[in-house]
1. Looking at segment 79-90, which of its residues are part of a loop (DSSP other than H, G, I, E, B) and over 18 Å from the mean Cα position of the chain (by Cα)?
2. How many residues are of a type outside the set (Asp, Glu), more than 23 Å from Asp47 (Cα to Cα) and surrounded by fewer than 23 Cβ atoms within 10 Å (Cβ to Cβ) when one looks only at segment 229-271?
3. Any residue at all in segment 173-187 that's within 30 Å of Val227 (Cα to Cα) and touching a Ser or Thr at 6+ places or on another chain (Cβ under 6 Å)?
4. Given the residues Ala291, Ala295, which is the only one that is of a type in the set (A, V, I, L, M, F, W, C) and either closer than 22 Å to Ala97 by Cα or modelled with pLDDT of 95 or more (or both)?
5. Being farther than 19 Å from Val132 by Cα, small (Gly, Ala, Ser) and surrounded by fewer than 17 Cβ atoms within 10 Å (Cβ to Cβ) is the filter here, so list the residues in segment 54-95 that pass it.
6. Looking at the structure I just gave you, is Pro189 more than 15 Å from the chain's Cα centre (by Cα) and modelled with pLDDT of 95 or more?
7. So if I check each of Pro146, Pro101, which one is surrounded by fewer than 18 Cβ atoms within 10 Å (Cβ to Cβ), touching a Phe, Trp or Tyr at 6+ places or on another chain (Cβ under 7 Å), touching a residue at least 12 places away in the same chain (Cβ under 8 Å) and outside any strand (DSSP E or B)?
8. If only one of Ala261, Ala266 is closer than 20 Å to Trp201 by Cα, aliphatic (A, V, I, L, M), touching a Ser or Thr at 6+ places or on another chain (Cβ under 8 Å) and not in a strand (DSSP E or B), which one is it?
Amino acid sequence: MSNPAAIPAPVPVDDRVSDLGEGPVWDVRTNSLRWVDIPAGVVHDTDGGSHRLPPPASAILPTADGWAAVLRDRVVRLDGPAVAEVPLGGAERCNDAKADPAGRLWVGTMSGDERPGRAALLRVDGAVATEVISGATIANGLGWSPDARRMYWIDTPTRRIDVLDYDLADGSVRGRRPFAEVDPAAGWPDGLAVDAEGALWVALWGGSALHRYTPDGRLDTVLPIGVACPTSCAFGGEDLRTLFITTAHRPDEKGEFAPDAGRLHAVRVPVPGPPPTMAVLPAGPALPGAAVAGA
């Protein structure tokens with residue numbers, strides 16, 4: 001990336017405060033961004049709208065004919081039925097979720113007490129998800145390289161971003177290995193986004209910053225943000241060069257809340273990102289007794 005030092009500081013772009021803002025995703029159909037406040041079960045929109053779901057709501061994803069949301073243990077159509085179950089095992093709830101370049105839905109889970117080994121990363125191949133990686137604690141950031149040959153994934157307590165070889169034809173992965181490690185003084189890696197150069201932008205919970213890693217795992221940019229806990233990021237804007245950043249309403253290490261904690265932030269960056277992939281939902285009937293009411 002040319003002259004990363006020229007990137008300005010991210011600024012808040014929405015007045016609404018989320019307890020745990022997460023899962024930002026750009027909608028190319030309306031040129032707006034959606035994100036969730038997980039414990040409130042609220043989906044926000046930069047157009048000013050909001051949508052309430054049964055909490056917790058951990059992710060919102062565009063589909064060919066609308067939107068899908070990931071709730072505690074299922075995937076639902078917005079204002080519609082549940083279409084897939086996500087087995088939690090010893091985990092508390094679903095966490096980060098994204099569609100891969102073929103539209104397959106990937107969902108991570110997390111243990112409520114952060115006890116190691118109770119969570120997993122799962123791939124939704126039909127009405128029930130398939131566990132791909134077990135033994136996680138907080139399955140978090142997901143992303144794919146521009147050529148779809150690599151998948152990136154974060155299990156937050158490891159303080160590591162992992163990379164896996166990815167087969168777009170069948171969604172299989174192999175060769176999991178460390179891609180980059182985050183210094184303990186820099187915070188905990190959370191959500192991520194991959195730009196058009198194949199570099200990763202990673203939000204650092206407790207670190208008041210985002211890191212950008214080149215495709216060879218080298219840290220080339222540290223982007224400070226004026227809140228303690230950025231949670232995730234996504235590219236948007238008509239040219240996909242606006243990096244939107246969700247944050248949590250959490251105090252810093254001194255117990256103080258920044259004025260903009262929990263608000264959506266944004267910054268213009270030199271390298272754009274790809275448009276989000278539409279999630280392909282199961283084509284079969286809704287799960288029995290699984291209607292979801294929005295408000």
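1. Selection gives Asp79, Gly80, Pro87, Leu88, Gly89, Gly90.
2. Final tally of qualifying residues: 8.
3. No.
4. Result of the check over Ala291, Ala295: Ala291.
5. Scanning segment 54-95 gives Ala64, Gly66.
6. Here the answer is no, as Pro189 does not meet what is asked.
7. Just a single option satisfies the conditions, and that option is Pro101.
8. Of the residues listed, the single one that is closer than 20 Å to Trp201 by Cα, aliphatic (A, V, I, L, M), touching a Ser or Thr at 6+ places or on another chain (Cβ under 8 Å) and not in a strand (DSSP E or B) is Ala261.
The values are calculated or read from the model by the stated rules, or taken from the named source; none is laboratory data. Quantities reported herein were computed from a predicted structural model and do not represent experimental measurements. For neighbour counting, all protein chains shown are included, and Cβ atoms are generated from backbone atoms with ideal geometry for every residue, glycine included.
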